[in-house]
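This report refers to the structure that appears directly beneath it.
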Amino acid sequence: MGKKGAMPSYKTVHDYINNQNEEARIILTELRRLIKEAVPEAREIPNYKVPSFTLIPETKPKQQLMIVAYAKYVSFYPYQRAVEHFSDELKNYELGKGTVKFQFNKPLPKDLIKRMVVFRKNELSNK
């Protein structure tokens with residue numbers, strides 16, 4: 001985000017992505033594509049003022065997936081169990097609680113991201 005003041009609200013994921021800087025737009029667009037590729041039925045919704053993806057139709061969006069732009073990176077939120085499950089493959093990335101930070105101008109681990117999305121969908125399906 002890197003902007004001062006209250007976080008703006010966007011009506012769609014598309015609006016959110018298009019209002020970010022170019023570096024963030026590239027990563028957000030690719031993450032969006034990878035999520036939809038991994039789980040074609042994923043539904044996009046603005047949630048907590050950021051792009052969220054409901055992986056299981058007709059379920060509450062809380063704690064599904066989110067992507068968020070910051071000043072120097074984009075965070076991907078597959079939630080804690082996914083981060084823990086793939087921790088060996090994520091050792092070259094900065095991690096937070098349930099999040100992976102992708103720095104600008106570095107390639108995304110596309111296959112890993114898709115596997116994390118499927119893992120999260122399966123985790124939610126088993127609840």
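The values are calculated or read from the model by the stated rules, or taken from the named source; none is laboratory data. This is a predicted model, so every value here is computed, not measured. Don't worry about glycine lacking a Cβ; one is built from the backbone with ideal geometry, like all the others, and counts go over all protein chains shown. Remember, those area values only see protein heavy atoms, side chains included, never the ligands or the DNA or RNA. Shrake-Rupley method; radii C 1.70, N 1.55, O 1.52, S 1.80 Å.
Key figures
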quantity: Residues located in the stretch 71-116, provided they are within 23 Å of Thr54 (Cβ to Cβ), open to solvent by 10 Å² or more (accessible area, probe 1.4 Å) and of a type in the set (Phe, Trp, Tyr); calculated: Tyr77, Tyr79, Phe86
quantity: Count - residues of the stretch 43-71 that are in a loop (DSSP other than H, G, I, E, B), touching a residue at least 24 places away in the same chain (Cβ under 8 Å) and touching a strand residue (DSSP E or B) at 6+ places or on another chain (Cβ under 7 Å); calculated: 2
quantity: Filter pass, Leu65 being among the aliphatic types (A, V, I, L, M) and farther than 25 Å from Asp15 by Cα; calculated: no
quantity: Ile45 closer than 14 Å to Tyr70 by Cα and at pLDDT below 95; calculated: no
quantity: Test: residue in the stretch 72-85 that is in a strand (DSSP E or B) and under 14 Å from Arg120 (Cα atoms); calculated: yes
quantity: Among residues of the stretch 7-32, those that are charged (D, E, K, R), over 13 Å from Phe76 (Cβ atoms) and outside any loop (DSSP other than H, G, I, E, B), counted; calculated: 4
quantity: The stretch 94-124 - residue that is without any contact (Cβ under 8 Å) to a residue 40 or more places away in the chain and in a loop (DSSP other than H, G, I, E, B) and, of those, nearest to Ile56 (Cα to Cα); calculated: Gly98
